[in-house]
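Q: Here's a structure for you.
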Amino acid sequence: MNELLMDNWSSWVHIAGTLAFATTAVLAVAPRGIDLFGATTLGIITAIGGGTIRDIILQVPVFWANAQYYIWLAAGASVITFYANSLLTRKYINMLILHVDAIGVSLFAIQATHKVWKLGFAMPFIGPLTLGIITAIGGGLIRDVLAGRQTLLMSRELYAIPIMLGCVLFILILNYLPAYDFVGSLISIALIYALRAAAIHKNLTVPNWMAISPKEN
Amino acid sequence: MNELLMDNWSSWVHIAGTLAFATTAVLAVAPRGIDLFGATTLGIITAIGGGTIRDIILQVPVFWANAQYYIWLAAGASVITFYANSLLTRKYINMLILHVDAIGVSLFAIQATHKVWKLGFAMPFIGPLTLGIITAIGGGLIRDVLAGRQTLLMSRELYAIPIMLGCVLFILILNYLPAYDFVGSLISIALIYALRAAAIHKNLTVPNWMAISPKEN
Amino acid sequence: MNELLMDNWSSWVHIAGTLAFATTAVLAVAPRGIDLFGATTLGIITAIGGGTIRDIILQVPVFWANAQYYIWLAAGASVITFYANSLLTRKYINMLILHVDAIGVSLFAIQATHKVWKLGFAMPFIGPLTLGIITAIGGGLIRDVLAGRQTLLMSRELYAIPIMLGCVLFILILNYLPAYDFVGSLISIALIYALRAAAIHKNLTVPNWMAISPKEN
């Protein structure tokens, strides 16, 4: 696809992911009790944290330095979610968190993989894959650590594997079918979201041969 | 004010903040039991952590690379506090932590806002504000995460809002009254400290309409 | 020693440390229950985390960008350990964790001190010492925070002091006996490992005058 159009598309994907992550962060920490400032700070950190780590490792300016609207969008989504939170029932919120988060991680993973690919960092595989995953889950990990929640790495939910599969698929497309980068990004985003949605609704966990159960003592 | 004098003043502010943060870090973790090395490490991390994150995001050399005395000062203050800790009563220590920390955050927030302003990062508002706040609370957040304490983001105490107000005031002065940068920095530091002191002595918390209470289940 | 040989030796030290850290990370988090992806991610983070922070502070490209085999080695060691874990008894694993970790920290601390020394960062003392310690314990700190474990900074075990002593010894050798850098690195690695092994088998803790006991309330 035309490179300018792909960059443009990438920006919209990033904006949608930012809104999703700020929203899901505030919904996730609200049940523990929090004030507007803490919620907004965690919303912004969740939305920009993964991409900030990625840019620091890439040794490029952090993306929000020249695109400050990402901070404003994350702050705005956080404040709106903070006040909307009390209007929603607990059960509905829990489902909303899972789906909005699934949208966020699929968008961020693929957008970041594309950015790293264009910059040619640690090519062709390790750079786009590791930084794609870090961008997708880094903000959420920082949020959970700061909020005192268990991080997703210690959960058996099918979470990170869908992200990894989507990134690998997109890297293969960028390598072998570069003309199909736009369609490929759509398919890869859809793959991650579909696997996450299946995991949520079927309560899918990682199969037993890929997991160790907690031990007493 | 003369630029050289302002830089000089900024250094003294930074030194005083470093001593305050190392002291308060050791007092805060001591009740859990800790050894001299752990206490000194946490004292140094608290004192230089926020500024280190700021400099990494700014893509400039970390400030302590060419001003190693910041490490020595933080280490010295940590060791002295470690041994002085047992001489103080619990109640006195608790009050001391709050006030010394209030001094530290007000000094760090305004000094960092000034540094970012001079470097012209993400101007005129987002850069100085976000990095001012990160410098003021970043070291304390890392300390609390490493020590297994609840971070301030999950507390309803009036903590971050005073910092934010002080940074905003100083940014407005730098924008519209640049000739008054020195007096402006004094007023902004005083504002943050006064609001924190009021919060400490009146047990001020964030008002109800800006907070969500913890939910059962 | 010939500089090329020393660099070569440094690479092998780094590789051995990487395998040790990935192994020990997976063994440490396995008792809490974890899946293959979480274990591998924590294994990789533990193995490359400290060195990544070091390189970011040094403002050089992260070491694994141009040496991607570090990621593959850490991933491979993590997967093998994940499946080998169930074959080992708990008591044997606990002892293995301690010794393999002791090997890892001694190798990483000395290799990093050497790298920072060659780059001339914050010389002659603060840079090599602080970044040597950060490289040795940084990955483990991130692992413990992400896994919800108590970090070593809050433990009275004799852990960080051996690392510090080894780094100081190696810095002194690099300063005053630069011709003996190779032998010096061996002696410094052996010193750290010997002190750690003594601490493990004699249950050595930090002496009372260097520690504060936990206080009730």
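Any read-out appearing in this document is the output of simple, stated calculations on the displayed coordinates, not a laboratory observation. Since the model is a prediction, treat every value here as computed from it, not as a measurement. Note that we place each Cβ from the backbone using ideal geometry, even for glycine, and neighbour counts take in every protein chain shown.
Q: For a footprinting-style exposure proxy, rank B:Phe82, C:Phe21 by other Cβ within 10 Å, fewest first.
A: Listing B:Phe82, C:Phe21 from fewest to most nearby Cβ atoms yields B:Phe82, C:Phe21.
Q: Follow-up question, since we're still on this one. As an exercise, take the mean of 1/r over every pair of distinct alpha carbons in segment C:109-217, invert it, and state the Kirkwood radius in angstroms.
A: Result for segment C:109-217 stands at 15.1 Å.
Q: OK, next. Arranged by the count of other C-beta atoms within 10 angstrom, fewest first, what order do C:His99, C:His14 take?
A: C:His99, C:His14
Q: Less than 12 Å from a label point 7 Å out along the Cα-to-Cβ axis of C:Ala197: which backbone N atoms in segment C:92-109 qualify, by residue?
A: Of the residues in segment C:92-109, C:99-100, C:102-103 have backbone N under 12 Å from the label point off C:Ala197.
Q: At q = 0.14, 0.17, 0.20 Å⁻¹, what log₁₀ I(q)/I(0) does a Debye calculation on the Cα points of segment B:116-175 give, no solvent, two decimals?
A: Cα-only, vacuum Debye calculation for segment B:116-175: -0.45, -0.62, -0.77.
Q: I need the shape label for segment C:45-84. Rule: rounded when a/c is under 1.5, else prolate if a/b > b/c, else oblate, with a, b, c from the alpha carbon gyration tensor.
A: The shape class here is oblate.
Q: If you split all Cα-Cα distances of chain C into 5 Å bins from zero, what percentages do you get per bin, shortest first?
A: 1, 7, 15, 19, 19, 17, 11, 7, 3, 1, 0, 0
Q: From the label point of A:Ile80, set 7 Å along Cα to the beta carbon, how far off in nm is each other copy's matching point, shortest first?
A: Ordered by increasing distance: 5.2, 5.2 nm.
Q: Further, regarding this structure: Across the residues of B:66-73, average count of Cβ atoms on other protein chains within 10 Å?
A: Per residue, the number of nearby Cβ atoms from other chains is 2 on average.
Q: Moving on. On average over all directions, what projected area in square nanometres does segment C:1-86 have, based on the convex hull of its Cα atoms?
A: Average of the hull's projected areas for segment C:1-86 equals 6.2 nm².
Q: Follow-up. Could you work out, residue by residue across A:58-65, how many beta carbons of other chains sit within 10 Å of that residue's beta carbon, and then give the average as an integer?
A: If you average over the peptide's residues, the count of other-chain Cβ atoms is 5.
Q: Taking only C-alpha pairs under 8 Å that are 6+ residues apart, what is the relative contact order of segment B:142-217 in percent?
A: Once divided by the residue count of segment B:142-217, the mean separation gives 36 percent.
Q: What whole number of Å gives the distance from the Cα centroid of segment B:126-140 to the Cα centroid of segment C:146-205?
A: 34 Å
Q: Averaged across the residues of A:143-155, what count of C-beta atoms belonging to other chains lies within 10 Å of each residue's C-beta?
A: Per residue, the average neighbour count from other chains is 6.
Q: With labels modelled as points extended 7 Å from the Cα through the Cβ direction, what inter-label distance (nm, one decimal) is found for A:Ala190 paired with B:Tyr180?
A: For A:Ala190 paired with B:Tyr180, the spin-label model returns 6.0 nm.
Q: Right, another one. Cut-off is 10 Å between beta-carbons; in what order do B:Ser185, A:Ser86 appear when sorted fewest neighbours first?
A: A:Ser86, B:Ser185
Q: A further question follows. Quick one: Cα centre-to-centre distance for segment C:32-50 and segment A:1-61, in angstrom?
A: If you average the Cα positions of each part, the centres end up 24 Å apart.
Q: Any number yet on Rg/Rh for the protein assembly as shown, C-alpha, Kirkwood?
A: 0.95
Q: Given contacts defined as C-alpha pairs under 8 Å and at least six residues apart, what's the relative contact order of chain A, whole-number percent?
A: Normalised by residue count, the contact order of chain A is 23 percent.
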